[in-house]
Structure formats: C-alpha cells, structure tokens
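Novice: Here it is, the structure in full.
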Amino acid sequence: GAGVSQSPSNKVTEKGKDVELRCDPISGHTALYWYRQSLGQGLEFLIYFQGNSAPDKSGLPSDRFSAERTGGSVSTLTIQRTQQEDSAVYLCASSYRAASYYNEQFFGPGTRLTVL
Amino acid sequence: AQSVAQPEDQVNVAEGNPLTVKCTYSVSGNPYLFWYVQYPNRGLQFLLKYITGDNLVKGSYGFEAEFNKSQTSFHLKKPSALVSDSALYFCAFGGAQKLVFGQGTRLTINP
C-alpha cells in the first residue's frame, strides 16, 4: 500500500513569508508525528497527534510554528514569518496504534525547506 | 536526560567485510530501542527494534542488532557489507509518544 506522502518535496521561500507543509499518513494510522532534520541539530521531535488532538506540542521551537490535523488523516505544519534558521528537512511519520514507546514509525520522504 | 549516543560520525568498511555501527543508551527502566536507515534524499526506513526477550534482534536487509544491558549498548551489525548499505544510520529510543534519535552515523561501504 501507499506510504506516508509529503508535499511539497522542496520549498524555497523568502524570509518573513509563511509556509505550509502537508503530510498524508498511511491510511488507518492513528498517530502522526512531525520531526525536523537539520545539520546542526540532528533529528528533532516537533509535535505528535493522536487522532485530531495534539497532546504533545513540546517540541515546537517557537510560537511561529503550528500544526493541525483534520479528519484523523492529513496534517499541515505551518511556519509563520519564516527565518533562515527554519531551513531544514521536515519529516512526517505515522504509526498504526496509539503512540507508545515501542511502535515503529513510518516516515515520509520529507519536505526540504530553504529560507533565503 | 535520557538519550542515545552514536560515538562514530563516520564508519568505512570494505565490501564483503562485517560491519558494526555503534549505539549506547542512557534510558531508565526498560529501553525500547530502534535502528533506522536513511538513503540519500529519502525518509527514514525502519530496520529493527528491541522490545524485550531475545537480545539478538534480526531486521531488514540482513541487519541484526545485539542488546547488551551490562554495556548499555545496541550495536547494529551485518556479517557481509554491500555497497548498497552505504547510508546514514540512526539509533533511537522510544520515549513518551515520540522517538529520540542519536546524531547518526554515516556508513560508507567501499567496493
């Protein structure tokens, strides 16, 4: 079956603009995660959804970052007033069961964001 | 703070030789440990995980990992490396509703 998909695959934007990144999880997966991969910081957790609710927003780096998930499926990560330090690859993942310590996550190919 | 560490940024191995990618953990309680691989311009792919039971875990593409509680390690191994194994490898532990990753090890297999 289809894996996790993300769009766009690449996004170049100017400093100060808003961007929206989209994630389509594997059908039937109830848990959805966003991570950020950058050269200096490695892989960082941003936010996790169980269904449509986000019980853990602890990883969002600032209030310019927000995310939502509708219908228990598609999720959108929005970055407002982008800064150059937001440049990174944004990875989305999903897992079948309610998030727990031992469920493997399935990752999408990522969106490479470049802020000029 | 709980964490995993990958002490080597880069590992180089000749094709056909055994390979080891190292991971150590600092996790309280029972650690749930994972290995993921990232090929160029691709997302992360799950390789294997340790939950409980047998300390030797077998995964995809002929990889295996050994959980060693006394050494707090979870090294990834393969008996005979392929050039196609060249990629970025991440060790991780399962935290509350998220994975916490090591910094990654770039594995290069030389023909």
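The values are calculated or read from the model by the stated rules, or taken from the named source; none is laboratory data. Predicted model only: the values in this text are computed from it and were never measured. Note: ideal-geometry Cβ built from the backbone for every residue, glycine included; neighbour counts use all protein chains shown. The accessibility values were calculated without ligands, DNA or RNA, using every heavy atom of the protein model including side chains. Shrake-Rupley method; radii C 1.70, N 1.55, O 1.52, S 1.80 Å.
Novice: Filter the range A:10-34 down to the residues that are of a type in the set (Ser, Thr, Tyr) and at pLDDT 95 or above and list them by number.
Specialist: Listed by number, the list holds a single entry, A:13.
Novice: Further, regarding this structure: Considering only residues that are under 21 Å from residue A:10 (Cβ atoms) and surrounded by fewer than 16 Cβ atoms within 10 Å (Cβ to Cβ), which ones fall in the range A:23-41?
Specialist: Selection gives A:38, A:39, A:40, A:41.
Novice: Give the number of residues within the range B:32-49 that are under 14 Å from the mean Cα position of the chain (by Cα) and open to solvent by less than 20 Å² (accessible area, probe 1.4 Å).
Specialist: 8
Novice: Report yes if some residue within the range B:60-72 is touching a residue at least 40 places away in the same chain (Cβ under 8 Å), exposed (fewer than 13 other Cβ atoms within 10 Å of the Cβ), at negative phi and within 14 Å of another protein chain (Cβ to nearest Cβ); otherwise report no.
Specialist: No - not one qualifying residue is present in the range B:60-72.
Residue-wise test of (1) part of a strand (DSSP E or B); (2) hydroxyl-bearing (Ser, Thr, Tyr).
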{"site": "B:54", "(1), (2)": "no, no"}
{"site": "B:61", "(1), (2)": "no, yes"}
{"site": "B:66", "(1), (2)": "yes, no"}
{"site": "B:70", "(1), (2)": "no, yes"}
{"site": "B:75", "(1), (2)": "yes, no"}
{"site": "B:81", "(1), (2)": "no, no"}
{"site": "B:88", "(1), (2)": "yes, no"}
{"site": "B:109", "(1), (2)": "yes, no"}
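Novice: Same structure, new question: Would you kindly identify the strands (runs of 3 or more DSSP E) lying entirely within the range A:1-91 that contain at least 2 residues that are more than 14 Å from chain B (Cβ to nearest Cβ)?
Specialist: A:10-13, A:19-24, A:65-69, A:75-79
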